[in-house]
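These notes are about the structure you will find just below.
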Amino acid sequence: MGGEKNKRILKQKELVVERDYIEEHKYLLAKKRVEKIKGFYWHLVVYIIVNIFISTVIVLGLMNEDKLTFTKAISNFGVYATWFFWGIGMFFHWLGVFGTNMFFSKDWEQRKVKEYMKNNKLK
């Protein structure tokens, strides 16, 4: 009878350890996700500030050196080139942070994590 009690206690301890492991894993995944989101928003802030500065310099340069009117200077492609090309990079950064659920749902991700954990359990 003592052996059965020890087995139950051991099983309960294993369940507690497994539950703690799962909670720690969830926490780490959530923390990683928040860091990705935070990184995207910092990238967005830098994108906006730097592009405003670059566009202002280009418009003022066109107005002073090329003697263009504000309307003609603002319609120059050079004013928008950095916004456009860097914007392509911003789109892919956004896709990497927020758009992955469009292709791979959370359920799929959790199934894969469990599958790999199960496969690597004995290795």
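The values are calculated or read from the model by the stated rules, or taken from the named source; none is laboratory data. Because the structure is predicted, anything quoted here is derived from the model rather than measured. Glycine gets a Cβ as well: all are built from the backbone with ideal geometry, and neighbour counts include every protein chain shown.
Is it true that Arg8 is more than 30 Å from Phe92 (Cα to Cα), of a type in the set (Lys, Arg) and modelled with pLDDT under 95? Yes. Remark: Leu68 matches the filter, which requires a residue to be at pLDDT 80 or above, outside any helix (DSSP H, G or I) and not acidic (Asp, Glu).
In the set Lys13, Lys38, Lys32, Lys5, only one residue is closer than 30 Å to Val97 by Cβ, out of contact with any His (no Cβ under 8 Å at 6 or more places or on another chain) and exposed (fewer than 11 other Cβ atoms within 10 Å of the Cβ); that residue is Lys32. Per the listing Thr100, Thr56, the residue uniquely at pLDDT 90 or above and of a type in the set (Val, Ile, Thr) is Thr56. Residues considered: Lys11, Lys5, Lys32. Of these, the only one that is within 18 Å of the chain's Cα centre (by Cα) and either in a helix (DSSP H, G or I) or touching a residue at least 40 places away in the same chain (Cβ under 8 Å) (or both) is Lys32.
Here Ala73 clears all of (1) within 19 Å of Gly89 (Cβ to Cβ); (2) touching a Gly at 6+ places or on another chain (Cβ under 9 Å) except the condition numbered (1).
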